[in-house]
Amino acid sequence: MILQRRNRILRVNSSIRSLIAETVLTPNDFIAPLFIDEGENIEFEIPSMPNYFRRSVDLTIKEIKELWSVGVKSVLLFIKCKDELKDNIGTEAWNKNGLMQRSIKAIKDAVPEMYVMTDVALDPYSIYGHDGIVKDGEIVNDETVEALVKMSISHAEAGVDMVAPSDMMDGRVAAIRQAFEKNNFTKVGIMGYSAKYASCFYGPFRDALDSAPGFGDKKTYQMNYANRIEAVKEALMDIEEGADIVMVKPGLPYLDIVREVKNAVNVPVSVYNISGEYAMIKAAAKMGWVDENKAILETLTSIKRAGADIIATYFAKDAAKLLNQ
Ligand code: PBG
């Protein structure tokens with residue numbers, strides 16, 4: 001057999017394989033999402049997210065130092081709001097002394113170089129577990145946007161580096177950007193959760209924050225997973241409104257969307273490898289059905305290969321350690 005081309009030449013050994021690798025994952029790519037709770041010395045393992053924890057601020061800072069030491073330079077904060085502080089309009093979300101605002105300050109004091117992002121949406125603060133204000137059984141857009149602006153400003157006052165509106169209300173990126181300009185927060189960024197789909201894979205996250213919707217679902221604001229082109233529209237509009245980074249979420253079942261958005265925009269694209277994706281790998285690994293470490297690296301590499309410049313992932317620390325080996 002005389003072959004003109006032998007493709008296996010470029011796979012002969014690991015040196016040539018790494019030499020020609022198109023996608024190289026590094027800890028620089030990761031954002032570590034963190035769940036924060038009140039109290040001190042508290043560490044609660046989330047049942048549907050094995051080995052992932054909701055922690056009090058002191059232990060969160062310990063975790064952040066560890067993340068920094070393995071090369072993870074960005075975190076995305078979520079807080080668990082006490083039931084008695086929840087209402088319909090999310091008042092606690094812009095409390096200057098709220099858990100989120102105190103956490104931002106404490107983290108920036110302890111590890112100033114860590115790039116701190118915050119989730120902006122009302123669901124952890126809402127008695128209904130919805131991302132917006134509820135009126136007559138509907139999630140109202142414009143009043144919610146006003147609440148999100150107050151929330152974003154309070155995060156900026158506390159010292160956040162970038163806010164990440166995850167609510168999918170229309171016009172919120174423009175409103176937040178304008179408010180930042182008016183209040184002279186010219187260095188605070190906005191990462192729009194631009195193409196966020198109504199997904200069953202958020203389940204474990206809602207366990208972590210006790211934030212599942214009390215009635216109905218999120219389909220009137222989050223996107224229909226049947227749609228691809230709509231994701232491009234959402235991303236382009238967020239950029240026009242002033243988003244510095246656009247996000248696609250979830251990750252793994254949406255890699256076609258990631259590529260579509262990546263090809264359409266000229267800002268960094270981030271992808272959220274969400275709680276349900278984490279839980280599936282953990283569960284299969286526990287059963288001995290997949291090799292966990294290999295599944296982590298293959299998954300994250302595939303997300304980057306699809307077009308992600310940034311990946312928010314609960315595997316950030318584990319993956320960074322694996323990559324540093
Ligand atoms: C809140 C929010 C959610 C997630 C991030 N921000 C849940 C939701 O929209 O219901 C999900 C993250 C994950 O599942 O890991 N708006």
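The values are calculated or read from the model by the stated rules, or taken from the named source; none is laboratory data. Because the structure is a prediction, the values reported are computed rather than measured. Here the Cβ positions follow ideal geometry from the backbone for every residue, glycine too, while neighbour counts run over all protein chains shown. Heads up: the accessible areas ignore ligands, DNA and RNA and are worked out on the full protein's heavy atoms, side chains in. Shrake-Rupley method; radii C 1.70, N 1.55, O 1.52, S 1.80 Å.
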**Q.** Accessible area per residue in Å² at 1.4 Å probe, computed on the chain
**A.** 47 Å²
Q.
So if each residue of separation counts as 0.36 nm, and I subtract the Cα-Cα distance between LYS150 and ASP291, what length gain in nm does that give?
A. 46.3 nm
Q) Once you put a point 7 Å from the Cα of LYS219 and another 7 Å from the Cα of SER15, both along the Cβ direction, what distance in nm separates them? A) 5.7 nm
Q | Pairwise FRET efficiency - ALA226 versus GLU138, Cβ, R0 = 25 Å, nearest 0.05 | A | 0.65
Q. With +1 on each Lys and Arg Cβ and -1 on each Asp and Glu Cβ, how big is the dipole of the chain about its Cα centre, in debye rounded to the nearest 20?
A. 1560 debye
Q.
I'd like the orientation of helix 292-306 relative to the chain: the angle between its Cα long axis and the longest Cα principal axis, in ° from 0 to 90, rounded to 10.
A. 80 degrees
Q: Loop sites only, by DSSP: take the chymotrypsin sites (Phe, Trp or Tyr not before Pro) in the chain that have at most 13 other C-beta atoms within 10 Å and name the longest stretch containing none of them.
A: 1-214
Q. Relative contact order of the stretch 123-166: what whole-number percent is it, with Cα pairs under 8 angstrom and at least 6 residues apart?
A. 19 percent
**Q.** Under-5 Å amide H pairs with ILE36, H placed in peptide plane, nonlocal only
**A.** ARG55, PHE78, ILE79, LYS80
Q | HN-Hα J in Hz across the stretch 307-319 - Karplus 6.51, -1.76, 1.60, θ = phi - 60°, x for Gly and Pro | A | x, 6, 8, 9, 10, 8, 8, 6, 8, 3, 5, 4, 5
Q: Could you tell me whether the stretch 83-192 comes out rounded, prolate or oblate from its Cα gyration tensor? Rule is a ≥ b ≥ c as square roots of the eigenvalues, rounded for a/c under 1.5, then prolate if a/b exceeds b/c, otherwise oblate.
A: oblate
Q) Tell me, what % of the accessible area of the stretch 26-324 is carbon and sulfur with a 1.4 angstrom probe? A) 50 percent
Q.
Can you show me the helix-derived [θ] at 222 nm for the chain, built from DSSP H runs with n ≥ 4 at -39,500 (n - 2.57) apiece and divided by the number of residues, rounded to the nearest 500.
A. -12000 deg cm²/dmol
Q. Where in the stretch 212-294 are there trypsin sites (Lys or Arg not before Pro) that are in a DSSP coil and have at most 16 other Cβ atoms within 10 angstrom of their Cβ?
A. LYS219, ARG228
Q | Highest-MSF residue in the chain out of VAL160, VAL111, VAL12 [GNM, Cα springs under 10 Å] | A | VAL12
Q. Label-point separation (nm) for ASP87 and THR186, each offset 7 Å from Cα along Cα-to-Cβ?
A. 3.6 nm
Q | Sites matching trypsin sites (Lys or Arg not before Pro) across the stretch 1-75 that sit in DSSP coil, with at most 12 neighbouring C-beta atoms within 10 Å | A | ARG5, ARG6
**Q.** Label-point gap, in nm, between ILE127 and GLU240 - each point 7 angstrom along Cα→Cβ
**A.** 3.8 nm
